[in-house]
Amino acid sequence: IGQVHMVKGFTDEALSEFRRAIELGVDDYATHYNLAALYTKRGLWDDARREYRAALQEEPGECEALYGEALSLDKGDYEIEAAARYKDFIEVCDKKAQFMGLIKRANDRILGMKEE
């Protein structure tokens, strides 16, 4: 149900459904990832990071979650941890063509952190 609400753009309803699923014991990659993505859209970086980490516990090495966690760390002012996670993302996802734009963004963020 949460996925349907997400697709239709009903983010409040989607958040409620994904939270409820987790409260009921659903502990899978998709539920945590979708909840993290909604938190990301709202700029709730600590909540997003927690859910990306939970998603990665279920499916280590998932590129979307690796990048999401790096972004949530970056936006949450955890620069050192963000740089490490961006590097993990690049290492794991480097050969996957669909992630080339995000890989460039991750590299740019790492370089920007060194300059700041």
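The values are calculated or read from the model by the stated rules, or taken from the named source; none is laboratory data. As the structure is a computational prediction, the values presented were derived from the model and not from experiment. All Cβ positions, even for glycine, are placed from backbone atoms using ideal geometry, and neighbour counts span all protein chains on display. For the accessible areas, the whole protein counts, side chains as well, though only heavy atoms, and no ligand, DNA or RNA atoms are used. Shrake-Rupley method; radii C 1.70, N 1.55, O 1.52, S 1.80 Å.
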Exercise. Pick from region 85-116 the residues that are out of contact with any helix residue (DSSP H, G or I) (no Cβ under 7 Å at 6 or more places or on another chain) and not in a helix (DSSP H, G or I): which of them is most open to solvent (accessible area, probe 1.4 Å)?
Worked result: Lys95
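May I ask you to say which residue of Leu56, Leu71, Leu38, Leu66 is modelled with pLDDT under 95 and within 10 Å of the chain's Cα centre (by Cα)?
Among Leu56, Leu71, Leu38, Leu66, only Leu38 is modelled with pLDDT under 95 and within 10 Å of the chain's Cα centre (by Cα).
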Exercise. Applying the selection to region 26-66, what residues are open to solvent by 50 Å² or more (accessible area, probe 1.4 Å) and of a type in the set (Phe, Trp, Tyr)?
Worked result: Tyr33, Trp45
For this session: Pairs only if they're at least six apart or on different chains, beta carbon under 7 angstrom, first in region 1-24 and on the phi < 0 side of the Ramachandran plot, second in a helix (DSSP H, G or I) and at pLDDT below 60; list them, first residue then second.
Result: Glu13/His5; Ala14/Gly2; Ala14/His5; Glu17/Gly2; Glu17/His5; Phe18/Gly2; Ala21/Gly2
